[in-house]
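Written below as structure tokens is the structure these notes are about.
Each reported figure results from applying straightforward, stated rules to the coordinates on display, with no laboratory input. All values derive from a computational prediction rather than experimental measurement. Here the Cβ positions follow ideal geometry from the backbone for every residue, glycine too, while neighbour counts run over all protein chains shown.
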Amino acid sequence: MIWSVFMGTILLILSSALWGLIHSLMASLKFKEGVLRMIGSSAMNGYRLGYNLLSVVSFLPILILAAVLPDKSLYSIPEPWVDITLIIQLMAVLVLVVGVFQTDIGSFIGLKQVMGGTTDTNIVTGGLYRYVRHPLYTAGLVFIWLTPVMTLNRLVLFLSLTIYILIGVYFEERKLMREFGNAYEDYRLKTPMLIPVLFKRR
């Protein structure tokens, strides 16, 4: 039993690492430039949508592995604290929804690009983005780590996602600096990355 749990954990780590590597590679500017040279600028309009769909579909096998592999219970949050965590998780989901809409949901998904529309080239600094630079990542981390029942497989999965998010934020920040320059640097200096400041000085 212990050996099967150990092997399942290793398989889950490797599959999560492979997903993160492929996902990060496809999001890199060099990879996009290579795809652009191969398929042309007009076909690149569907890249964002295809990237998002592939990310979701390719992550499903990892979720299935986490559900079917031998597992071990670590802890469960008791009453009444579990009710508080569920409320905070619901709030995190609302933040995710609001954050997506504030970043132009059509561009975020990739539908606007497919339809031939132009994406917003300005930095979003209002709404949730006034308090934290990456509210979607913050809400996602809050949601997964407040899961009421924690198992070994979930712990491995959540640790993998957290590491991926932290690495992804680093490279995303570099990309935004190249794209927006001093404007993003000013925003970065005034607004925290992941831990929001609820009361900012005017």
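Please compute the Kirkwood hydrodynamic radius over the stretch 97-196, one decimal place, Å, based on all pairs of different Cα atoms. Provide the component values of the computation, followed by the final result.
Details: mean 1/r = 0.0661 Å⁻¹.
Taking the inverse mean of 1/r over all distinct Cα pairs, the stretch 97-196 comes out at 15.1 Å.
Per residue, what volume in Å³ does the convex hull of the Cα atoms of the stretch 150-202 enclose?
Working: hull volume 3.9 nm³, N = 53.
Enclosed volume per residue, from the Cα hull, is 74 Å³.
Step by step: find N for the chain, compute 2.2 N^0.38 Å, then divide the Cα radius of gyration by it. What's the final number? Don't skip to the answer; put the middle values down first.
Numbers: Rg = 19.1 Å, N = 202, 2.2 N^0.38 = 16.5 Å.
In units of the globular-protein estimate, the chain measures up at 1.15.
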Checklist entry - Could you give the nm distance between label points at Glu173 and Met115, where each point is 7 Å from its Cα heading toward the beta carbon? => result 3.4
Checklist outcome for this item: A correct fewest-to-most ranking of Leu12, Leu63 by other Cβ atoms within 10 Å would be Leu63, Leu12
Item to check | Potential lengthening between Phe31 and Glu79 on full extension [0.36 nm per residue; Cα-Cα distance subtracted] | outcome: 12.4 nm
Checklist entry - In the chain, with Lys and Arg counted as +1 and Asp and Glu as -1 at Cβ, which of these residues, Val82, Leu21, Leu65, has the Cα nearest the positive end of the dipole, that is, farthest along it? => result Leu21
Checklist entry - Radius of gyration and Dmax for the stretch 87-146's Cα atoms, expressed in Å? => result 12.9, 40
Next on the checklist: About the Cα centre, and with charges only on the beta carbon of Lys, Arg (+1) and Asp, Glu (-1), how big is the dipole of the chain? Nearest 20 debye, please.
Outcome noted: 520
